[in-house]
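Below is one structure, written out as C-alpha coordinates, with a few remarks after it.
The values are calculated or read from the model by the stated rules, or taken from the named source; none is laboratory data. Computed from a predicted model, the values in this text were never measured in an experiment. Cβ: placed from backbone, ideal geometry, glycine included. Neighbour counts: every protein chain shown. SASA here: full protein model, heavy atoms, side chains in, ligands and nucleic acids out. Shrake-Rupley method; radii C 1.70, N 1.55, O 1.52, S 1.80 Å.
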Amino acid sequence: MKINLTINGKEKEIEIAPDDYLSEVLRREGLLGVKKGCDTESCGLCTVHLDDVAVLSCGTLAAKAHGKAITTIEGVEKKAEKIRYELGKRGVDQCGYCAPGTIMSILYLEKVVKDPTEEDINRYLKGNFCRCSGYVGQLEAIKSYLEGQKHEVCE
Amino acid sequence: MITIRKYFFPETIEEAYETLMEKKSNALIGGGAYLKLGSKAMGTAVDLSKVGLDYIREEESAFEIGAMTTFSTVMLHEGLNKHFDNLFQRAIEDIVGMQLKNMVTIGATIYSRYGFSDFLTALLVTNTKVKLFNAGWISLNAFLENGPEKRDILEKIRIEKTNGLYRFQDLRGSSSDYSIINLALSKEKDAYRIAVGARPGRAKLAVKTMDFLQEREVTAENMEKAGAILSEEVVFGTNGRGSKEYRKAMAKVLLKKALQEVSIHEN
Ligand SMILES: Cc1cc2nc3c(=O)[nH]c(=O)nc-3n(C[C@H](O)[C@H](O)[C@H](O)COP(=O)(O)OP(=O)(O)OC[C@H]3O[C@@H](n4cnc5c(N)ncnc54)[C@H](O)[C@@H]3O)c2cc1C
(Lines give C-alpha, C1' and ligand atoms only; values in the text may rest on other atoms or scores of the structure.)
Protein backbone atom coordinates (compact mmCIF):
# COMPACT_ATOMS: atom_id res chain seq x y z
CA MET A 1 0.00 0.00 0.00
CA LYS A 2 1.05 3.63 -0.52
CA ILE A 3 1.05 6.31 2.15
CA ASN A 4 1.49 10.04 1.75
CA LEU A 5 3.20 11.85 4.55
CA THR A 6 5.57 14.67 5.37
CA ILE A 7 8.92 13.70 6.83
CA ASN A 8 10.99 16.52 8.31
CA GLY A 9 9.14 19.03 6.17
CA LYS A 10 9.35 17.10 2.88
CA GLU A 11 6.28 15.56 1.29
CA LYS A 12 6.69 11.92 0.38
CA GLU A 13 4.80 9.00 -1.04
CA ILE A 14 6.09 5.71 0.30
CA GLU A 15 5.26 2.10 -0.46
CA ILE A 16 4.78 0.11 2.76
CA ALA A 17 3.42 -3.26 3.83
CA PRO A 18 0.22 -2.97 5.93
CA ASP A 19 2.05 -4.51 8.91
CA ASP A 20 5.21 -2.38 8.69
CA TYR A 21 6.12 -0.38 11.78
CA LEU A 22 7.10 3.24 11.45
CA SER A 23 10.64 2.78 12.79
CA GLU A 24 11.49 0.27 10.04
CA VAL A 25 10.00 2.49 7.34
CA LEU A 26 11.86 5.59 8.52
CA ARG A 27 15.15 3.69 8.71
CA ARG A 28 14.54 2.38 5.18
CA GLU A 29 14.21 6.04 4.15
CA GLY A 30 17.72 6.60 5.47
CA LEU A 31 16.72 8.21 8.77
CA LEU A 32 19.12 6.21 10.91
CA GLY A 33 18.76 8.58 13.86
CA VAL A 34 15.60 6.58 14.60
CA LYS A 35 17.36 3.98 16.72
CA LYS A 36 16.44 0.37 17.22
CA GLY A 37 16.33 -0.56 20.87
CA CYS A 38 14.04 -2.90 22.78
CA ASP A 39 11.52 -3.10 19.93
CA THR A 40 8.86 -3.68 22.62
CA GLU A 41 7.82 -0.07 23.28
CA SER A 42 9.72 0.29 26.52
CA CYS A 43 13.05 2.07 26.07
CA GLY A 44 12.24 5.27 24.13
CA LEU A 45 15.13 5.02 21.64
CA CYS A 46 12.81 5.15 18.63
CA THR A 47 10.87 8.28 19.71
CA VAL A 48 9.66 10.50 16.86
CA HIS A 49 6.93 13.15 16.59
CA LEU A 50 3.76 12.23 14.72
CA ASP A 51 1.81 15.44 14.05
CA ASP A 52 3.80 17.04 16.89
CA VAL A 53 3.04 14.27 19.38
CA ALA A 54 5.86 12.08 20.73
CA VAL A 55 5.29 8.39 19.97
CA LEU A 56 7.33 5.20 19.92
CA SER A 57 7.90 4.45 16.26
CA CYS A 58 8.68 0.78 16.95
CA GLY A 59 5.08 0.29 18.13
CA THR A 60 3.30 2.63 15.71
CA LEU A 61 1.99 0.97 12.58
CA ALA A 62 3.36 2.90 9.60
CA ALA A 63 -0.11 3.05 8.03
CA LYS A 64 -1.14 5.35 10.89
CA ALA A 65 1.24 7.98 9.51
CA HIS A 66 -0.79 8.41 6.30
CA GLY A 67 -1.62 12.10 5.86
CA LYS A 68 0.51 13.11 8.82
CA ALA A 69 3.77 14.91 9.53
CA ILE A 70 6.73 13.07 11.03
CA THR A 71 9.67 14.73 12.69
CA THR A 72 12.80 12.77 13.48
CA ILE A 73 16.09 13.86 15.03
CA GLU A 74 17.33 14.67 11.52
CA GLY A 75 14.68 17.39 11.29
CA VAL A 76 15.67 19.25 14.45
CA GLU A 77 19.43 19.50 14.00
CA LYS A 78 19.99 22.96 15.49
CA LYS A 79 18.11 22.29 18.71
CA ALA A 80 19.58 18.81 18.97
CA GLU A 81 23.06 20.31 18.82
CA LYS A 82 22.28 22.59 21.75
CA ILE A 83 20.94 19.73 23.84
CA ARG A 84 23.91 17.50 22.99
CA TYR A 85 26.23 20.31 24.09
CA GLU A 86 24.51 20.43 27.49
CA LEU A 87 24.59 16.65 27.84
CA GLY A 88 28.22 16.44 26.71
CA LYS A 89 29.33 19.18 29.10
CA ARG A 90 28.14 16.99 31.97
CA GLY A 91 29.58 13.76 30.60
CA VAL A 92 26.16 12.20 30.17
CA ASP A 93 26.27 11.69 26.41
CA GLN A 94 28.57 8.69 26.46
CA CYS A 95 27.77 5.99 23.91
CA GLY A 96 25.17 8.42 22.51
CA TYR A 97 22.78 5.69 21.40
CA CYS A 98 19.84 6.92 23.49
CA ALA A 99 20.43 10.59 22.63
CA PRO A 100 18.13 10.91 19.57
CA GLY A 101 15.12 9.48 21.43
CA THR A 102 15.89 11.50 24.55
CA ILE A 103 16.24 14.71 22.54
CA MET A 104 12.90 14.09 20.78
CA SER A 105 11.24 13.73 24.20
CA ILE A 106 12.89 16.91 25.50
CA LEU A 107 11.64 18.81 22.45
CA TYR A 108 8.15 17.42 22.95
CA LEU A 109 8.20 18.56 26.57
CA GLU A 110 9.40 21.99 25.48
CA LYS A 111 6.53 22.20 22.99
CA VAL A 112 3.66 21.14 25.24
CA VAL A 113 4.57 22.35 28.73
CA LYS A 114 5.12 26.00 29.48
CA ASP A 115 7.88 26.52 32.05
CA PRO A 116 8.35 22.85 32.89
CA THR A 117 9.18 21.92 36.48
CA GLU A 118 11.47 19.10 37.57
CA GLU A 119 8.35 16.97 38.00
CA ASP A 120 7.33 17.69 34.38
CA ILE A 121 10.82 16.79 33.14
CA ASN A 122 10.70 13.48 34.97
CA ARG A 123 7.21 12.77 33.68
CA TYR A 124 8.07 13.44 30.04
CA LEU A 125 11.49 11.77 30.10
CA LYS A 126 10.51 8.71 32.10
CA GLY A 127 10.12 6.66 28.93
CA ASN A 128 13.71 7.20 27.77
CA PHE A 129 16.29 4.81 29.15
CA CYS A 130 20.01 5.52 29.36
CA ARG A 131 22.36 2.76 30.41
CA CYS A 132 25.60 4.77 30.51
CA SER A 133 25.21 7.70 32.78
CA GLY A 134 22.19 7.60 35.07
CA TYR A 135 19.78 10.47 35.09
CA VAL A 136 21.05 13.18 37.46
CA GLY A 137 23.37 14.72 34.88
CA GLN A 138 20.65 14.45 32.24
CA LEU A 139 18.24 16.33 34.47
CA GLU A 140 20.77 19.12 34.97
CA ALA A 141 21.44 19.26 31.23
CA ILE A 142 17.74 19.48 30.39
CA LYS A 143 17.16 22.24 32.94
CA SER A 144 20.11 24.17 31.57
CA TYR A 145 18.91 23.74 27.97
CA LEU A 146 15.38 24.91 28.84
CA GLU A 147 16.71 27.87 30.79
CA GLY A 148 18.88 28.82 27.81
CA GLN A 149 15.89 28.64 25.47
CA LYS A 150 13.98 31.09 27.68
CA HIS A 151 16.73 33.66 27.31
CA GLU A 152 16.90 33.06 23.60
CA VAL A 153 13.19 33.80 23.31
CA CYS A 154 13.60 36.94 25.44
CA GLU A 155 16.48 38.22 23.31
CA MET B 1 4.58 -10.77 15.45
CA ILE B 2 1.44 -9.56 13.72
CA THR B 3 0.67 -9.85 10.04
CA ILE B 4 -1.90 -7.71 8.23
CA ARG B 5 -3.21 -8.30 4.72
CA LYS B 6 -5.11 -5.06 4.29
CA TYR B 7 -5.24 -1.81 6.25
CA PHE B 8 -8.49 0.13 6.39
CA PHE B 9 -9.54 3.45 7.94
CA PRO B 10 -13.35 3.51 8.24
CA GLU B 11 -14.90 6.94 8.65
CA THR B 12 -17.92 5.88 10.65
CA ILE B 13 -18.41 3.36 13.41
CA GLU B 14 -21.08 1.61 11.31
CA GLU B 15 -18.51 1.06 8.57
CA ALA B 16 -15.97 -0.16 11.13
CA TYR B 17 -18.44 -2.66 12.59
CA GLU B 18 -19.53 -3.93 9.21
CA THR B 19 -15.93 -4.56 8.14
CA LEU B 20 -15.06 -6.14 11.47
CA MET B 21 -17.94 -8.58 11.17
CA GLU B 22 -17.17 -9.53 7.55
CA LYS B 23 -14.47 -12.00 8.53
CA LYS B 24 -13.27 -13.59 11.73
CA SER B 25 -9.70 -12.63 10.95
CA ASN B 26 -10.53 -8.92 10.66
CA ALA B 27 -9.48 -7.01 13.76
CA LEU B 28 -9.75 -3.55 15.28
CA ILE B 29 -6.73 -1.32 15.79
CA GLY B 30 -6.85 1.20 18.63
CA GLY B 31 -3.39 2.54 19.43
CA GLY B 32 -2.03 -0.75 18.12
CA ALA B 33 0.55 -0.78 20.89
CA TYR B 34 -0.57 -3.93 22.66
CA LEU B 35 -1.14 -5.86 19.45
CA LYS B 36 2.54 -5.36 18.66
CA LEU B 37 3.51 -7.44 21.69
CA GLY B 38 1.45 -10.47 20.65
CA SER B 39 1.01 -12.53 17.56
CA LYS B 40 -1.98 -12.36 15.27
CA ALA B 41 -2.66 -12.96 11.59
CA MET B 42 -5.17 -10.30 10.54
CA GLY B 43 -7.18 -10.13 7.37
CA THR B 44 -8.26 -6.52 7.39
CA ALA B 45 -6.97 -4.24 10.12
CA VAL B 46 -9.79 -1.84 10.96
CA ASP B 47 -8.15 1.29 12.37
CA LEU B 48 -10.54 3.40 14.44
CA SER B 49 -8.42 6.59 14.25
CA LYS B 50 -10.73 8.39 11.80
CA VAL B 51 -14.08 7.41 13.31
CA GLY B 52 -14.24 10.42 15.66
CA LEU B 53 -13.94 8.61 18.96
CA ASP B 54 -11.14 10.73 20.41
CA TYR B 55 -12.82 13.07 22.89
CA ILE B 56 -13.59 13.82 26.52
CA ARG B 57 -16.90 15.63 26.97
CA GLU B 58 -17.70 17.10 30.33
CA GLU B 59 -21.42 17.38 31.00
CA GLU B 60 -23.15 18.62 34.10
CA SER B 61 -23.50 15.20 35.66
CA ALA B 62 -20.94 13.04 33.84
CA PHE B 63 -17.88 12.71 31.65
CA GLU B 64 -18.13 10.87 28.34
CA ILE B 65 -14.88 9.56 26.93
CA GLY B 66 -14.52 8.19 23.40
CA ALA B 67 -12.82 4.85 22.87
CA MET B 68 -9.88 6.29 20.92
CA THR B 69 -8.95 8.75 23.64
CA THR B 70 -5.38 8.13 24.71
CA PHE B 71 -4.10 7.60 28.23
CA SER B 72 -2.14 10.87 28.14
CA THR B 73 -5.31 12.83 27.33
CA VAL B 74 -7.12 11.20 30.27
CA MET B 75 -4.15 11.65 32.59
CA LEU B 76 -3.79 15.35 31.86
CA HIS B 77 -7.51 16.23 31.73
CA GLU B 78 -8.15 18.99 34.22
CA GLY B 79 -11.83 18.26 34.74
CA LEU B 80 -11.27 14.57 35.43
CA ASN B 81 -8.38 15.27 37.76
CA LYS B 82 -10.30 17.88 39.65
CA HIS B 83 -13.41 15.81 40.02
CA PHE B 84 -11.78 12.49 40.86
CA ASP B 85 -8.86 13.65 43.05
CA ASN B 86 -6.28 12.75 40.36
CA LEU B 87 -7.45 9.12 40.51
CA PHE B 88 -6.79 8.40 36.82
CA GLN B 89 -3.61 10.42 36.73
CA ARG B 90 -2.30 8.37 39.63
CA ALA B 91 -3.30 5.09 37.94
CA ILE B 92 -1.82 6.01 34.55
CA GLU B 93 1.30 7.93 35.59
CA ASP B 94 3.59 4.93 36.01
CA ILE B 95 2.65 3.18 32.77
CA VAL B 96 5.92 3.27 30.79
CA GLY B 97 6.56 6.78 29.35
CA MET B 98 4.66 9.68 27.88
CA GLN B 99 5.20 8.38 24.32
CA LEU B 100 3.35 5.12 25.06
CA LYS B 101 0.61 7.02 26.88
CA ASN B 102 0.22 9.13 23.72
CA MET B 103 -0.51 5.92 21.80
CA VAL B 104 -2.62 3.57 23.94
CA THR B 105 -6.38 3.95 23.99
CA ILE B 106 -9.04 3.51 26.66
CA GLY B 107 -11.40 1.57 24.38
CA ALA B 108 -8.89 -1.21 23.68
CA THR B 109 -7.93 -1.34 27.34
CA ILE B 110 -11.47 -1.75 28.62
CA TYR B 111 -12.63 -4.12 25.88
CA SER B 112 -9.61 -6.36 26.41
CA ARG B 113 -10.22 -6.56 30.21
CA TYR B 114 -6.50 -6.96 30.92
CA GLY B 115 -5.74 -8.43 34.34
CA PHE B 116 -2.65 -6.26 34.77
CA SER B 117 -4.49 -3.02 34.01
CA ASP B 118 -4.08 -0.07 36.35
CA PHE B 119 -6.69 2.05 34.61
CA LEU B 120 -9.45 -0.57 34.97
CA THR B 121 -8.92 -0.86 38.73
CA ALA B 122 -9.29 2.91 39.09
CA LEU B 123 -12.32 3.05 36.81
CA LEU B 124 -14.08 0.33 38.77
CA VAL B 125 -14.44 2.49 41.90
CA THR B 126 -16.37 5.09 39.90
CA ASN B 127 -19.90 4.81 38.59
CA THR B 128 -19.05 3.93 34.98
CA LYS B 129 -21.00 2.45 32.08
CA VAL B 130 -19.56 1.30 28.79
CA LYS B 131 -21.27 1.69 25.44
CA LEU B 132 -20.76 -1.17 23.01
CA PHE B 133 -21.71 -0.21 19.48
CA ASN B 134 -23.95 -3.23 18.94
CA ALA B 135 -24.98 -4.34 22.44
CA GLY B 136 -25.55 -0.88 23.90
CA TRP B 137 -24.94 0.31 27.47
CA ILE B 138 -23.76 -1.99 30.24
CA SER B 139 -22.22 -1.28 33.63
CA LEU B 140 -18.43 -1.52 33.70
CA ASN B 141 -18.61 -4.05 36.52
CA ALA B 142 -20.90 -6.35 34.53
CA PHE B 143 -18.73 -5.96 31.44
CA LEU B 144 -15.57 -6.84 33.33
CA GLU B 145 -17.28 -9.87 34.90
CA ASN B 146 -18.88 -11.26 31.75
CA GLY B 147 -17.24 -9.67 28.72
CA PRO B 148 -19.17 -9.00 25.51
CA GLU B 149 -21.82 -11.49 24.38
CA LYS B 150 -20.71 -11.16 20.76
CA ARG B 151 -17.83 -9.43 19.02
CA ASP B 152 -18.37 -5.71 19.33
CA ILE B 153 -16.73 -2.30 19.33
CA LEU B 154 -16.34 -0.35 22.51
CA GLU B 155 -17.56 3.07 21.48
CA LYS B 156 -17.35 5.21 24.62
CA ILE B 157 -17.70 5.25 28.39
CA ARG B 158 -19.72 7.43 30.72
CA ILE B 159 -18.44 8.24 34.19
CA GLU B 160 -21.03 9.79 36.50
CA LYS B 161 -19.85 12.71 38.58
CA THR B 162 -20.22 11.55 42.13
CA ASN B 163 -19.10 13.49 45.14
CA GLY B 164 -16.51 11.39 46.85
CA LEU B 165 -12.90 10.81 47.68
CA TYR B 166 -10.78 8.66 45.38
CA ARG B 167 -7.45 6.94 45.92
CA PHE B 168 -5.22 4.60 43.90
CA GLN B 169 -2.37 2.49 45.25
CA ASP B 170 -0.01 0.16 43.45
CA LEU B 171 3.07 -1.91 44.05
CA ARG B 172 5.62 -2.25 41.26
CA GLY B 173 9.05 -3.86 41.05
CA SER B 174 10.25 -0.63 39.47
CA SER B 175 8.57 2.44 38.10
CA SER B 176 7.15 1.71 34.62
CA ASP B 177 7.03 -2.06 35.22
CA TYR B 178 3.58 -3.71 35.39
CA SER B 179 1.87 -3.60 38.81
CA ILE B 180 2.38 -6.61 41.06
CA ILE B 181 -0.88 -5.66 42.73
CA ASN B 182 -3.01 -2.53 42.65
CA LEU B 183 -5.99 -1.19 44.56
CA ALA B 184 -8.40 1.69 44.18
CA LEU B 185 -10.84 3.06 46.72
CA SER B 186 -13.62 5.59 46.66
CA LYS B 187 -15.72 6.91 49.50
CA GLU B 188 -19.03 8.63 48.96
CA LYS B 189 -20.72 9.73 52.15
CA ASP B 190 -20.27 6.55 54.19
CA ALA B 191 -20.16 4.05 51.34
CA TYR B 192 -16.92 2.63 50.03
CA ARG B 193 -16.02 1.05 46.71
CA ILE B 194 -12.81 -0.96 46.72
CA ALA B 195 -11.31 -2.64 43.67
CA VAL B 196 -8.26 -4.90 43.53
CA GLY B 197 -6.44 -5.56 40.26
CA ALA B 198 -3.32 -7.31 38.92
CA ARG B 199 -4.26 -10.14 41.30
CA PRO B 200 -3.01 -11.14 38.63
CA GLY B 201 -6.60 -11.65 37.41
CA ARG B 202 -8.66 -8.69 36.27
CA ALA B 203 -9.87 -6.00 38.64
CA LYS B 204 -12.71 -6.98 40.96
CA LEU B 205 -14.77 -5.23 43.60
CA ALA B 206 -14.15 -6.41 47.18
CA VAL B 207 -17.81 -6.37 48.19
CA LYS B 208 -17.53 -7.87 51.68
CA THR B 209 -14.78 -5.44 52.60
CA MET B 210 -16.90 -2.58 51.27
CA ASP B 211 -19.85 -3.73 53.38
CA PHE B 212 -17.73 -4.09 56.48
CA LEU B 213 -16.35 -0.56 56.20
CA GLN B 214 -19.74 1.04 55.53
CA GLU B 215 -20.50 3.50 58.33
CA ARG B 216 -17.57 2.27 60.42
CA GLU B 217 -14.89 4.57 61.68
CA VAL B 218 -11.41 4.15 60.23
CA THR B 219 -9.65 2.98 63.39
CA ALA B 220 -6.50 0.84 63.56
CA GLU B 221 -8.64 -2.11 64.59
CA ASN B 222 -11.13 -1.68 61.75
CA MET B 223 -8.34 -1.32 59.20
CA GLU B 224 -6.84 -4.61 60.44
CA LYS B 225 -10.24 -6.31 60.21
CA ALA B 226 -10.95 -4.87 56.75
CA GLY B 227 -7.54 -6.08 55.55
CA ALA B 228 -8.25 -9.59 56.84
CA ILE B 229 -11.64 -9.66 55.06
CA LEU B 230 -10.10 -8.34 51.85
CA SER B 231 -7.34 -10.91 51.80
CA GLU B 232 -9.86 -13.72 52.27
CA GLU B 233 -12.54 -12.59 49.81
CA VAL B 234 -10.28 -11.63 46.89
CA VAL B 235 -8.79 -14.45 44.83
CA PHE B 236 -5.05 -13.98 44.37
CA GLY B 237 -2.70 -15.97 42.17
CA THR B 238 0.94 -16.48 41.35
CA ASN B 239 2.84 -15.40 38.24
CA GLY B 240 6.38 -14.30 37.38
CA ARG B 241 5.78 -10.96 39.05
CA GLY B 242 4.73 -12.19 42.49
CA SER B 243 3.34 -15.08 44.50
CA LYS B 244 -0.21 -15.49 45.73
CA GLU B 245 0.95 -15.09 49.34
CA TYR B 246 2.90 -11.91 48.58
CA ARG B 247 -0.05 -10.36 46.75
CA LYS B 248 -2.36 -11.28 49.61
CA ALA B 249 -0.10 -9.64 52.17
CA MET B 250 0.52 -6.56 50.04
CA ALA B 251 -3.15 -6.01 49.19
CA LYS B 252 -3.78 -5.48 52.91
CA VAL B 253 -1.01 -2.88 53.01
CA LEU B 254 -2.41 -1.03 49.99
CA LEU B 255 -5.88 -0.99 51.55
CA LYS B 256 -4.50 0.40 54.79
CA LYS B 257 -2.59 3.12 52.93
CA ALA B 258 -5.68 4.11 50.93
CA LEU B 259 -7.88 4.20 54.05
CA GLN B 260 -5.31 6.24 55.93
CA GLU B 261 -5.07 8.74 53.08
CA VAL B 262 -8.84 9.17 53.02
CA SER B 263 -9.02 9.46 56.78
CA ILE B 264 -6.23 12.09 56.89
CA HIS B 265 -8.00 14.03 54.14
CA GLU B 266 -11.29 13.98 56.07
CA ASN B 267 -9.79 15.07 59.36
C1 LIG C 1 5.02 -1.97 26.50
C2 LIG C 1 3.69 -1.84 27.18
C3 LIG C 1 3.63 -1.72 28.57
C4 LIG C 1 2.40 -1.58 29.22
N5 LIG C 1 2.37 -1.42 30.59
C6 LIG C 1 1.18 -1.28 31.21
C7 LIG C 1 1.10 -1.07 32.63
O8 LIG C 1 2.10 -1.05 33.35
N9 LIG C 1 -0.14 -0.92 33.18
C10 LIG C 1 -1.28 -0.92 32.43
O11 LIG C 1 -2.35 -0.74 32.99
N12 LIG C 1 -1.24 -1.10 31.09
C13 LIG C 1 -0.05 -1.28 30.48
N14 LIG C 1 -0.02 -1.50 29.12
C15 LIG C 1 -1.30 -1.63 28.39
C16 LIG C 1 -1.82 -0.31 27.85
O17 LIG C 1 -2.09 0.54 28.94
C18 LIG C 1 -3.13 -0.52 27.04
O19 LIG C 1 -4.09 -1.05 27.90
C20 LIG C 1 -2.94 -1.45 25.87
O21 LIG C 1 -1.77 -1.11 25.16
C22 LIG C 1 -4.15 -1.45 24.91
O23 LIG C 1 -4.28 -0.26 24.22
P24 LIG C 1 -3.96 -0.11 22.65
O25 LIG C 1 -4.65 1.11 22.19
O26 LIG C 1 -2.50 -0.23 22.44
O27 LIG C 1 -4.66 -1.44 22.07
P28 LIG C 1 -4.52 -2.16 20.65
O29 LIG C 1 -3.19 -2.81 20.56
O30 LIG C 1 -4.91 -1.26 19.55
O31 LIG C 1 -5.67 -3.27 20.79
C32 LIG C 1 -5.70 -4.25 21.80
C33 LIG C 1 -6.90 -5.17 21.56
O34 LIG C 1 -8.12 -4.43 21.69
C35 LIG C 1 -8.89 -4.51 20.46
N36 LIG C 1 -9.54 -3.18 20.33
C37 LIG C 1 -8.94 -2.00 20.06
N38 LIG C 1 -9.83 -1.00 20.14
C39 LIG C 1 -11.03 -1.56 20.40
C40 LIG C 1 -12.35 -1.02 20.61
N41 LIG C 1 -12.61 0.29 20.58
N42 LIG C 1 -13.35 -1.90 20.86
C43 LIG C 1 -13.12 -3.25 20.91
N44 LIG C 1 -11.89 -3.80 20.76
C45 LIG C 1 -10.85 -2.96 20.52
C46 LIG C 1 -7.89 -4.86 19.37
O47 LIG C 1 -8.49 -5.52 18.30
C48 LIG C 1 -6.93 -5.76 20.15
O49 LIG C 1 -7.45 -7.05 20.25
C50 LIG C 1 1.19 -1.61 28.45
C51 LIG C 1 1.25 -1.73 27.05
C52 LIG C 1 2.47 -1.83 26.41
C53 LIG C 1 2.49 -1.93 24.91
Restricted to the stretch B:115-129, and to residues that are assigned to a loop (DSSP other than H, G, I, E, B) and of a type in the set (Ser, Thr, Tyr), which residue is nearest to residue B:170 (Cα to Cα)? B:117
Cβ-Cβ under 7 Å pairs, at least 6 apart or on other chains, the stretch B:234-263 side open to solvent by 80 Å² or more (accessible area, probe 1.4 Å), far side of a type in the set (Val, Ile, Thr): B:241/B:180; B:244/B:238
So which helices (runs of 4 or more DSSP H) stay within the stretch B:33-114 end to end and still have 1 or more residues that are more than 9 Å from the ligand (Cβ to nearest atom) and assigned by TED's automatic domain parsing to the domain that holds residue B:143? B:71-75, B:78-83, B:87-93, B:98-101
Residues within the stretch A:24-67 that are open to solvent by 10 Å² or more (accessible area, probe 1.4 Å) and more than 10 Å from chain B (Cβ to nearest Cβ), tallied: 15
Residue A:91: passes all of (1) under 10 Å from the mean Cα position of the chain (by Cα); (2) more than 13 Å from every other protein chain (Cβ to nearest Cβ) but (1)
Just to be sure I understand, how many residues within the stretch B:130-154 are buried (at least 16 other Cβ atoms within 10 Å of the Cβ) and either closer than 18 Å to residue B:199 by Cα or within 12 Å of the chain's Cα centre (by Cα) (or both)? 5
Within the stretch B:130-150, which residues are of a type outside the set (Val, Ile, Thr) and assigned to a strand (DSSP E or B)? B:131, B:132, B:136, B:137, B:139
For the stretch A:68-86, the count of residues that are within 14 Å of chain B (Cβ to nearest Cβ) and over 10 Å from the mean Cα position of the chain (by Cα) equals 2
Check residue B:151 against each of (1) within 11 Å of the ligand (Cβ to nearest atom); (2) without any contact (Cβ under 8 Å) to a residue 60 or more places away in the chain and name the one condition it does not meet. (2)
Is it the case that some residue within the stretch A:119-129 is surrounded by fewer than 23 Cβ atoms within 10 Å (Cβ to Cβ), closer than 18 Å to residue A:41 by Cα and basic (Lys, Arg)? yes
Being over 18 Å from residue A:21 (Cβ atoms) and either open to solvent by less than 10 Å² (accessible area, probe 1.4 Å) or not acidic (Asp, Glu) (or both) is the filter here, so list the residues in the stretch B:9-27 that pass it. B:10, B:12, B:13, B:16, B:17, B:19, B:20, B:21, B:23, B:24, B:25, B:26
Matching residues in the stretch B:68-104 (away from chain A (no Cβ under 12 Å) and over 22 Å from residue A:111 (Cβ atoms)) number 11
Residue list for the stretch B:20-58, filter: in contact (Cβ under 8 Å) with a residue 40 or more places away in the chain, within 12 Å of chain A (Cβ to nearest Cβ) and touching a Leu at 6+ places or on another chain (Cβ under 7 Å): B:30, B:32, B:33, B:48
Can you confirm whether the stretch A:59-66 contains a residue that is away from the ligand (no atom under 16 Å from the Cβ) and more than 30 Å from residue A:151 (Cα to Cα)? yes
